[in-house]
Amino acid sequence: MVPERTLRKVGNSVGLVLPKEALAYLNVAAGGTSCVTEAGDGSLRTGQTSADVTRQLEVAQGIIRRYRSTLRELAT
């Protein structure tokens, strides 16, 4: 697999085209979804999204919105 990829303009966004070997490794296909997360070392990781994780993130975002001021106060 070639580690260096070219970023391409796609409408108002920028896309990263992955080779078929990378797609097979990630078990994703065109039209599928993927999740990108930041690792502890500052690198980015990508992988499949699951319905469970998506639902958990939606619930967490709702809690963060609802208790934004409380969480902000606790952070100081």
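No lab work stands behind these numbers, since they all come straight from the coordinates. Just so you know, these numbers come straight off a predicted model, no measurement behind them. So basically every Cβ, Gly included, is an ideal-geometry build from the backbone, and we count neighbours across all protein chains shown.
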Tilt relative to the chain, helix 51-66 - C-alpha long axis, 0 to 90 degrees, to 10: 40
Normalised by the residues of the chain, what does the relative contact order come to in percent, with Cα pairs under 8 Å and at least six apart? 15
With x for Gly and Pro, the residue-by-residue ³J(HN,Hα) of segment 19-28, computed from phi through the Karplus equation 6.51 cos²θ - 1.76 cosθ + 1.60 at θ = phi - 60° and given in whole Hz, is x, 4, 5, 5, 5, 5, 4, 7, 6, 10
Projected onto the charge dipole of the chain (+1 at Lys/Arg Cβ, -1 at Asp/Glu Cβ, origin at the Cα centre), which of 54, 39, 14 gives the Cα projection farthest towards the positive end? 14
Using +1 on the beta carbon of Lys and Arg, -1 on that of Asp and Glu, and nothing else charged, what's the dipole of the chain about the Cα centre, debye to 20? 320
By how many nm would the segment from residue 49 to residue 63 grow when fully extended, if each residue of separation counts as 0.36 nm and the alpha-carbon distance is taken off? 3.0 nm
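Any chance you could list the semi-axes, whole Å, largest first, of the equivalent ellipsoid that the Cα gyration tensor gives for the chain, using √(5λ)?
Over the Cα atoms of the chain, the semi-axes work out to 32, 16, 14 Å.
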